[in-house]
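The next block holds one structure in the form of structure tokens; read it before the comments.
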Amino acid sequence: MNLNEELKKIIVKDLFLEDITWDQIEDDAPLFGEGLGLDSLDAVELVVIVQKHFNVEIKDMDEGRVAFQSINSLASFIRERQRS
């Protein structure tokens, strides 16, 4: 399983998304607003999810804003931080 698929499955499971399956999430779709429809509480949970599953810390809102644009951007963020 690639990182994008893993992220989608974790997000659906850990955020208890009932109206969507992991394979319905597009890699470039926005995670917030019109895309997946996540909100600010979900953002806080995502920070915890990324730390728990990938041992990557999102230190502030600026990093979160960049990382949480889409599945692709989150996967890139995680890959970059894990290499460091």
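Counting only residues that are assigned to a loop (DSSP other than H, G, I, E, B) and either modelled with pLDDT of 95 or more or among the hydroxyl-bearing types (Ser, Thr, Tyr) (or both), how many does segment 59-76 have?
Start the filter on segment 59-76 by keeping residues that are assigned to a loop (DSSP other than H, G, I, E, B), which leaves 59-60, 68-70.
Subsequent filtering for residues that are either modelled with pLDDT of 95 or more or among the hydroxyl-bearing types (Ser, Thr, Tyr) (or both) retains 68-70.
Count: 3.
Can you tell me which residue is farthest from the chain's Cα centre (by Cα) among those in segment 5-39 that are surrounded by 17 or more Cβ atoms within 10 Å (Cβ to Cβ) and part of a helix (DSSP H, G or I)? So the residue we want is Trp22.
Within segment 58-84, being in contact (Cβ under 8 Å) with a residue 24 or more places away in the chain and among the small types (Gly, Ala, Ser) holds for Ser70, Ala75.
For segment 40-54, the count of residues that are in a loop (DSSP other than H, G, I, E, B), free of Cβ contacts under 8 Å to residues at least 40 places away in the same chain and either polar (S, T, N, Q) or out of contact with any Ser or Thr (no Cβ under 9 Å at 6 or more places or on another chain) (or both) is zero. Checking segment 45-54 against the condition returns a match, with at least one residue being loosely packed, with under 13 Cβ neighbours inside 10 Å, at pLDDT 95 or above and among the aliphatic types (A, V, I, L, M).
Being touching a Phe, Trp or Tyr at 6+ places or on another chain (Cβ under 6 Å) and closer than 19 Å to Arg79 by Cα, is that true of even one residue in segment 49-66? Let's see the steps before the verdict.
Applying the first criterion (touching a Phe, Trp or Tyr at 6+ places or on another chain (Cβ under 6 Å)) to segment 49-66 yields none.
So far as segment 49-66 goes, no, none of its residues is touching a Phe, Trp or Tyr at 6+ places or on another chain (Cβ under 6 Å) and closer than 19 Å to Arg79 by Cα.
The values are calculated or read from the model by the stated rules, or taken from the named source; none is laboratory data. All figures in this text were calculated on a predicted structure; none of them were measured in a lab. Glycine also receives a Cβ, built like all others from the backbone with ideal geometry; neighbour counts cover every protein chain displayed.
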